[in-house]
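Comments concern the structure below.
The values are calculated or read from the model by the stated rules, or taken from the named source; none is laboratory data. Please read all numbers here as calculations on a predicted model, not as lab measurements. Every residue, glycine as well, gets a Cβ built from its backbone with ideal geometry; the counts of neighbours run over all protein chains shown. Side chains included, ligands, DNA and RNA excluded: accessible areas come from the protein's heavy atoms. Shrake-Rupley method; radii C 1.70, N 1.55, O 1.52, S 1.80 Å.
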Amino acid sequence: MVQEPTRQQRQPARVGMSLPRQDGPDKVTGRARYAGDQVVPGMLYARLVLSPYAHARISNIDTSAALAVPGVVAVFTAETLGMAQADPLSRSQTPLAQQEVMWCGHPVAIVVGETEAIAEDGAAVVDVDYDPLPVVIDPEAAMRPESPLARSRNEVPVVTGEGEHAPQEGTEAEAEERSHNVSQTPPLKMGDIEAGLLEAEVVVECSYRTHPVHQSYMEPQSVTIAASPSGHQLVIWPSTQGLFDVRSAVARTLAMSDRQIRVEAVPIGGGFGGKEVLIEPLVAAVASRLHKPVRLVYTRQEDLLAGNPAPQTVMTVKLGAKRDGTLTAIQARMILDSGAYPNPLAGFSGFHFAGIYRCPNLDIRCDVVQTNKPGTGAYRAPAGPQAYFALESTIEELCLRLGMDPLQFRQINALKEGDPNIRHGRWSRIGLLECLEQIQRHSLWRERERARGEVPAELKDWEIGIGVAAGGWPGGTEPAAALCRLEQDGTVTVVVGSVDVSGSDASLVLIAAEELNLDASAVHVTHDNTDSMPYSGLSAGSKTTYTVGAAVQAAARDARSQIFAIAADMLEASTEDMELGDGKAMVKGVPEKYVTLQQIAAHSMGFGALYEPVYGRGRSANRASSPMFAAHLAKVAVDPETGEVRVLDYVAAQDVGRAINLAEVEGQIHGGVVQGIGWALLEGMAYDENGQLLTATLMDYALPQSQDVPPITPLVVEVPSELGPFGARGVGEPPVVPVAAAIANAIRDAVGVRMTQIPMTPERVFVSLRESEAASPSHLNTFPSSPRKEGQSSSVGSRKKWSD
């Protein structure tokens, strides 16, 4: 029986972005005002009505009280808004609940008012009648045949990976009895897994669990939408990572042409994969209906309740190896909790287990499960932190069983150029071995025995451990274009369609400046809008520099050719004899024979000018990605009395191909490690059995703070990519990937317990330590293959090597 929410649960307290009321009523409306209320003339403000139930049928929505609030302009439900393309499996296309709510925080209605405070008051009095339905929260429970359905109308799709097909009839996957909440991605297989396990002399297996993690960007989800002055277009100012993606989604939702939607580039306060397309189609539909500008900004609580966090996972990893450390088998199963909607990246998740070590026999399966939680999205290296936490933790246990140095084991099995991959191709040139070598040379690894004895005075009696882990990201590809225009003052403007979410514009400036032999101060990057900017995909997946940067390099090269053609004619020289430097086009070997870029601009942009304007065009369509790898080393202290863990020192080696902007590269590594510490020790969205979010504010959802961040040493490895600009690879994804595993392995080294769940909170570490102490000596060298309870260690003992 479903427990009815309390009154407080029915109307969740709005915190975070909410503002305190000022003393005294507004002189115009007579209602209380909010400190910081800023009313833009003509602008309307939207607030959402969120479901207090995790699963319920909507029997009635009464909006009359909201419409009676002075200043409320309109209230829309799914029925009254009537979006053109209502795909029930697409959250952005069906942003308001249709007859059924599927998670606590599911938007039911949207209220529009003359101020945000008025809209807030209107939303508070919308009366919704719910008929509660059974709730399913745990992904493993959701898979059982007797499980309630996460949505009463079963619309679970078959999830397929790129270039893959659904499993054939009669496979093991189809033979299993499971609920309709489950869909399976095609299994990834290579070789014969059973033969590989039989060939192994040591086999290790363990299960792991993670929790949903929010991207925790500084700026919450927000968008402003208005009609253009002509009234022929909707103009959108979104906080998004993909301008063209927003345009396409809104056009599809409203059954309009792309040319009727104009998306403006605006600064974005972080995204990390969580700001692709979410609320823009909803607000566009409202603005289109009202013919007035509308703005919606999530509160921090709304972002936690109704965002699109990284998915929860449950994983089992089984590894087989010979005595010499050679891997013979990797078998992995991932259960990915996609929440109330399909996860678009689910088909990709299993590749992480096959993307770092050379192994002839692979068997990887990923089951996608729907539950009554918000639909999930991308978060920096989607599924990477979870998968590598499981894989690298199990690798460490295998090394203990083999009595082998964990870094040496990784070097023996690390992928290298020419090795076969699971897509039936070959690995290109990669820098994984070079990253491992950098860690091997670092003093923290070479002098790790001494480091274990160095305990800060304030941490007396704490145990010190050193842990290593590796991880990778396969990279992404997407066509892109760029423009490069010479200005009359001799500077250069580069026009791109990407979004600068990570300082990528600075790298694009340096790429153009290098190609034109200009000072970086003479190059400016602009983004314009989707009416006129060149195409670029999402600024995500560590592909902006790799794809857009390649287009910028091509555009700058084209502009340079045009400059040389003009200069050669002006100087009566050959274009092959021209070179650029100090803002001049000069004849090689005759530096006094030159024309300035200002002169070239004057002869190509003025009235009666003789030459065509310099307007370089560049395009890229890299068909192959450039995989990127990282190896990390962590030093931690563990309090055996409380389970508290502190990271004392951290080293991160990463292959970046070519560091276009070293400061930005190191900044990305620093930021990724800090986010990884959040994954490892602090962050996790918790739900009770009724689907109520228990971490709905930043008082409950823990984030890393300055005191949680150790000294971080980035070791930049440069193994050039064949396709990236000047050999550059992506940078943003890999730094977060190995962190949780490195810290877990350091905890294992410090106190002898294997943590199988993240975040590794003091409570979970404490429970594992107590279970370790309670275990009998006969169990010390036994590694269980069955799943463990929450927080339970899968192996216990000291730092001593495993015996057989």
query: Residue farthest toward the positive end of the dipole of the range 605-651, with Cβ of Lys/Arg at +1 and Asp/Glu at -1: which of Gly608, Val638, Asn622?
result: Gly608
message: At 1.4 Å probe size, put His352, His603 in order of accessible surface, largest to smallest.
response: His603, His352
field: Sum of side-chain charges, Thr530 neighbourhood, beta-carbon under 11 Å (Lys, Arg +1; Asp, Glu -1)
entry: -2
message: As a test question: what accessible area, to the nearest 10 Å², does Tyr701 have when a 1.4 Å probe is rolled over all protein chains in place?
response: 0 Å²
message: Under a Cβ-only charge scheme (Lys and Arg +1, Asp and Glu -1), can you give me the dipole magnitude of the range 478-606 about the Cα centre, in debye to the nearest 20?
response: 140 debye
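So between Thr596 and His424, what do we pick up on full extension, going 0.36 nm a residue minus the alpha carbon distance?
Using 0.36 nm per residue and subtracting the Cα-Cα distance, I get 56.6 nm.
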task: Only loop residues by DSSP count here, and only those with at most 15 other Cβ atoms within 10 Å; note down the GluC sites (Glu not before Pro) in the range 502-585 that meet that.
output: Glu572
message: Longer than 23 Å from Cα to Cα, which of Lys318/Lys373; Lys189/Lys318; Lys189/Lys322; Lys275/Lys373 are they? Say none if no pair is.
response: Lys318/Lys373
- line: When the charge dipole of the chain is computed with +1 on Lys and Arg Cβ and -1 on Asp and Glu Cβ about the Cα centre, the Cα farthest towards its positive end, among Ser248, Gly472, Cys359, belongs to Cys359
- request: Find how many whole Å separate the alpha carbon centroid of the range 190-244 from the alpha carbon centroid of the range 365-402.
  value: 13 Å
- line: Asserting the computed 222 nm helical MRE of the chain (DSSP H runs at least 4 long, -39500 (n - 2.57) per run, divided by residue count, to nearest 500) equals -7500 deg cm²/dmol
message: Could you compute the net charge surrounding Ser239? Neighbours are other residues with a C-beta less than 10 Å from the C-beta of Ser239; K and R count +1, D and E count -1.
response: -1
message: What is the distance in Å between the Cα centroid of the range 84-117 and that of the range 302-350?
response: 29 Å
field: Lys189 accessible area, assembled protein chains, probe 1.4 Å, Å²
entry: 130 Å²
Solvent-accessible surface ranking, highest first, for Ile335, Ile660 at 1.4 angstrom: Ile660, Ile335
- line: Toy charge model, Lys and Arg Cβ at +1, Asp and Glu Cβ at -1: the range 301-423 dipole around Cα centroid in debye, rounded to 20, equals 360 debye
- prompt: Taking the Cα centre of each part, how many Å lie between the range 596-666 and the range 403-463?
  reply: 24 Å
statement: Taking Cα pairs closer than 8 Å and at least 6 residues apart, the relative contact order of the chain in percent is 14 percent
field: Gyration tensor verdict on the chain (Cα atoms; rounded if a/c is under 1.5, prolate if a/b is larger than b/c, oblate otherwise)
entry: oblate
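Quick check: with the 1.4 Å probe, what order do Arg91, Arg295 take by accessible area, largest first? Numbers along the way, then the final one.
Details: Arg91 35, Arg295 85 Å².
The ranking, largest first, comes out as Arg295, Arg91.
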query: What size of dipole, in debye to the nearest 20, comes out for the chain about its Cα centre when the only charges are +1 on Lys and Arg C-beta atoms and -1 on Asp and Glu C-beta atoms?
result: 160 debye
query: Accessible surface of Arg658 in the full protein assembly, 1.4 angstrom probe, to the nearest 10 Å²?
result: 110 Å²
